[in-house]
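The values are calculated or read from the model by the stated rules, or taken from the named source; none is laboratory data. In this text, all values refer to a predicted model and were calculated from it rather than measured experimentally. Note: ideal-geometry Cβ built from the backbone for every residue, glycine included; neighbour counts use all protein chains shown.
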Amino acid sequence: MTSENISTKIKTFVGANIKTLDSSIKELLQSDTIEVPDAIILHVGINNVSEGQDHASIINDYTNLIQLLKTKLSRTKIIMSSILPMKNIKLTASKIGEINKSLLKYCEQNGHGFIDNTDQFQNSKHLYHDEVHLNMRCCHSWNQHEKSLILSP
């Protein structure tokens, strides 16, 4: 199988933080129409940082979300996408870096994938349509990159 053969469905939850995403996923999982995915890439957390949530609470919320997914979708590969650097708030860079390190450690210890996007996005203002959100050109290339990661063991 190649990345071109992977069907990708993107589900966005505008303005969500980890806890609100947790609630939205619970609702989705209760639906009879949901297809069980082979893999899920979770890209959430920037709103938690911008809301001022502390490091330990963010990691706890991530852990609860992943546990929910593993309970309901035990055969689904879970991949965490690092929190992207925020261009408009430089003071959060070290906080985001520390959270990403904790997420990587958690993923390694629990057999989940982790995508570290820091280098790709750190100095790439042309990838954002504002100071936080990615533009469509970036989303397309990022989608192709993530498909290839799903294929890796």
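For the reader, a short list of remarks on this structure follows.
- Screening region 26-80 for residues that are in a loop (DSSP other than H, G, I, E, B) and of a type in the set (Ser, Thr, Tyr) and picking the one that is surrounded by the fewest Cβ atoms within 10 Å (Cβ to Cβ) gives Thr33.
- Selection from region 88-115 of residues that are loosely packed, with under 14 Cβ neighbours inside 10 Å, at pLDDT 65 or above and either under 13 Å from the mean Cα position of the chain (by Cα) or outside any helix (DSSP H, G or I) (or both): Gly111
- Qualifying residue in region 31-42 (condition: within 13 Å of the chain's Cα centre (by Cα) and on the phi > 0 side of the Ramachandran plot): no
- In region 1-25, residue modelled with the lowest pLDDT [restricted to those that are β-branched (Val, Ile, Thr), surrounded by 12 or more Cβ atoms within 10 Å (Cβ to Cβ) and not in a helix (DSSP H, G or I)]: Ile6
- Contact map, region 5-30: residues that are under 19 Å from Thr76 (Cα atoms) and of a type in the set (A, V, I, L, M, F, W, C) paired with residues that are at pLDDT below 75 and buried (at least 16 other Cβ atoms within 10 Å of the Cβ), Cβ distance under 8 Å, separation 6+ or inter-chain. Pairs shown: Ile6/Lys147; Ile6/Ile150.
- Note on region 64-87: residues that are over 16 Å from Ser23 (Cβ atoms) and either within 15 Å of the chain's Cα centre (by Cα) or touching a residue at least 40 places away in the same chain (Cβ under 8 Å) (or both) amount to 13.
- Near pairs, Cβ below 9 angstrom, 6+ apart or cross-chain, from region 100-125 (on the phi > 0 side of the Ramachandran plot) to any residue that is modelled with pLDDT under 95: Gly111/Ile78
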